[in-house]
Amino acid sequence: MTTSANVNGAASSGTTARALKEGLYAGIIALGLFCLYIGIKTDQNMANELVWYTRPGLLASFVVIAAVGRFAMVAFIAPWFAARREKKSASVPVHEIDAQPSFFKAHFLKIALVALILYPPVIVALTGVQGSLKYVDNFGIQILIYVMLAWGLNIVVGLAGLLDLGYVAFYAVGAYSYALLAQNFGLSFWILLPLAGILAAFWGIILGFPVLRLRGDYLAIVTLAFGEIIRLVLINWQDVTRGTFGISSIPKATFFGLEFNASPDGFAKTFGLPMSSAYYKIYLFYVILALCCLTAYVTIKLRRMPIGRAWEALREDEIACRSLGINTVTTKLTAFAIGAMFGGFAGSFFAARQGFVSPESFVFLESAVILAIVVLGGMGSLTGIAVAAIVMIGGTEALREMEFLKVIFGPDFTPELYRMILFGLAMVVVMLFKPRGFVGSREPTAFLKERKAVSGSFTKEGHG
């Protein structure tokens, strides 16, 4: 007993000493990296002269966070993960970890759906009708739009294994299709919603044909170029798209013909409600929630069909897929078309929600964010992608509410400008601890007798 205690104590003291040393090193490295980028800010005065001033408080915060974070990682978090992994591997085989999920995990999707349905009424009860506008729009609709976009991209990247860096192009096609057709032909939202998806799917097929023989980095470069081409066309085809000025006064969606305005025949007057723009946002929340459910339902059904298994075979090994007699041409084209269709749905909804579209809303950064959500959530996992969208997009919106940080870092501090740093930090953390995404296990489309989830380690080795 004494010998064991001495050994544990020596190991603990050795771990603490190593944690202190690595924490000190991390602080020094952070000081070197951020001394110019964070510690000094440049500006321009009224005489067009370059002026600069220091921000020691903000720089010290970054250094302390890096040092304390590295110390906690080495001293506490890493040993805890190691002990947990050892205990789990000793008690339960790897492939049976998720064989008997808990009640919450088994019914997670139903609980989440009920929570989303009840979200607007609960927010209205807590904050009032007008006070709910911000929470329903920024923390509800905004997140669900990215969930739908990520689920659409998941078909191309997560299931078919085709790296697409220009997915925002289909988002733009859907938005501009809705805006132009609604203004010029007076078509309603419910007619233009499927029509925008069809047009986006058509452009997905157009993209798919030239890249049939491309894989990996080459495919990524071509799809990136496609996204930039669409954006440049939107900027320069001013007779149609109005260029950088964008298209404004886009007609809104209607509720069975009832418009959300102050007219006697409007939604509020018809139901005897006080006039508020919050009703339109609540209605849009349920519309995008229904679109997300449609996306998830179609994805799950397609994955269990022969075309879904062909996508997964294409993702694992294209040569073996072709040798089995699978037509890789139609497999790739269907992946691009269906993924683009859901991007077009989201784009048309975005145009109806904003009432204004411009090329600035469809830059490459949007594609990067959507792809990051798919990767962080776990490619092929609808639940993981939804969680990643809530963390990343909801985290960005939460930064806008952190006005108290100006008391610490000064009145000129803008928290949302640091969202990309948080994105990068989240990606580093997830890649270190969950290299296969938030949800590292998945359920095979084909199983024998008993349905079991496959852990990330087995999937990586080709057992899934």
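The values are calculated or read from the model by the stated rules, or taken from the named source; none is laboratory data. Not measured: the values here are computed from a predicted model. Heads up, the Cβs are rebuilt from the backbone with ideal geometry, glycines too, and the neighbour counts pull from every protein chain shown. Calculation scope for accessible area: heavy atoms of the full protein, side chains included, ligands and nucleic acids excluded. Shrake-Rupley method; radii C 1.70, N 1.55, O 1.52, S 1.80 Å.
A few notes on this one:
- Take each peptide in 153-163, 77-87, 387-397, 204-214, count the other Cβ atoms within 10 Å of every residue, and average; sorted highest first, the result is 153-163, 387-397, 204-214, 77-87.
- The listed peptides 322-330, 177-185, 46-54, ordered by packing as a protection proxy, come out as 177-185, 322-330, 46-54 (highest mean of other Cβ atoms within 10 Å first).
- Distance between the modelled labels on Glu49 and Val429, one decimal in nanometres: 4.4 nm (7 Å Cα→Cβ projection).
- Above-threshold pairs, the threshold being 28 Å between Cα atoms, out of Lys406/Lys434; Lys110/Lys281; Lys134/Lys434; Lys87/Lys110: Lys406/Lys434; Lys134/Lys434; Lys87/Lys110
- Probe 1.4 Å, accessible area per residue of the chain, Å²: 54
- Since only Asn261, Leu284, Ser367 are under comparison, the one whose Cα sits farthest along the positive direction of the charge dipole of the range 105-431, derived from C-beta charges on Lys, Arg, Asp and Glu, is Leu284.
- Net lengthening on full extension, Ala78/Thr254 (0.36 nm per residue, minus Cα-Cα): 58.0 nm
- Förster radius 22 Å - calculated FRET efficiency between Ala368 and Trp237, Cβ distance, rounded to 0.05: 0.35
- Accessible carbon and sulfur surface of the chain relative to its total accessible area, %, 1.4 Å: 67
- Highest to lowest packing among 229-240, 361-372, scored as the average C-beta count within 10 Å: 361-372, 229-240
- Considering helices alone, the calculated mean residue ellipticity of the chain at 222 nm is -21500 deg cm²/dmol, with DSSP H runs of length four and up weighted by -39500 (n - 2.57) and normalised per residue.
- Estimated at 0.36 nm per residue, the fully extended path between Gln354 and Ile229 surpasses their Cα-Cα distance by 42.6 nm.
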